[in-house]
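Only one structure is covered here, and it is reproduced in the block below.
The values are calculated or read from the model by the stated rules, or taken from the named source; none is laboratory data. Bear in mind that the values here come from a model prediction, so they are computed numbers and not experimental data. Reconstructed Cβ throughout: ideal geometry from the backbone, glycine too, with neighbour counts over all protein chains shown.
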Amino acid sequence: MAGSAGNKDRFSTTTRLRLLGEQTAARVYRSQTKRQARRSRLTGRAALLALVVCSLIVALAYPMRQYVAQRADIAEQERLLRDARDDAEELRDAKARWRDDAYAERQARERLHMVRPGERSFTVPDPEGAAQRRAEQGRADRPWYSNLFDGVDKADRVSRAGPE
């Protein structure tokens with residue numbers, strides 16, 4: 001009879017409810033443990049991923065800064081090269097112009113006030129207009145020797161005044 005009592009006890013409502021509660025509790029506990037394990041793994045993975053990303057950013061920051069700086073230097077050097085080529089082209093044009101005898105003669109007449117043999121050169125002074133013209137005319141527009149003599153006269157005046 002003991003076996004039938006054990007059988008009876010096994011199928012009683014109270015026993016079944018208790019077993020069902022224990023099984024449910026075990027399932028809930030297992031699912032919570034799995035979720036917590038998944039969360040902790042995900043958190044650990046996320047932390048590792050964040051660490052790797054930050055390391056990459058730090059590792060690449062300096063080379064990227066160098067790259068950008070070098071690109072700016074290259075662009076500046078290319079601009080300087082274009083400017084130098086433009087200047088060289090202008091100098092080639094000027095050299096070609098100066099090889100022309102007519103151009104060289106015209107420049108000698110304008111800049112140096114030279115004349116051909118047998119020609120006469122006249123300089124007509126205009127006392128009223130000369131002072132006004134000199135005031136209006138900049139140093140660049142005057143002949144070079146006028147600027148030279150003005151500089152010598154100014155230095156002479158300073159040296160005669162002496163130190164104060």
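Annotations
- Residue match in the stretch 77-84 (condition: part of a helix (DSSP H, G or I) and either among the polar types (S, T, N, Q) or at pLDDT below 95 (or both)): yes
- Count - residues of the stretch 116-160 that are outside any loop (DSSP other than H, G, I, E, B), among the hydrophobic types (A, V, I, L, M, F, W, C) and modelled with pLDDT of 75 or more: 6
- For R109, the test of being modelled with pLDDT under 90, within 24 Å of S146 (Cα to Cα), surrounded by fewer than 10 Cβ atoms within 10 Å (Cβ to Cβ) and not polar (S, T, N, Q) is failed.
- Filtered by the rule that a residue be at pLDDT below 75 and among the charged types (D, E, K, R), the stretch 1-50 gives K8, D9, R10, K34, R35, R38, R39, R41.
- Boolean, R97 is at negative phi, among the basic types (K, R) and in contact with a helix residue (DSSP H, G or I) (Cβ under 6 Å, 6 or more places away or on another chain): yes
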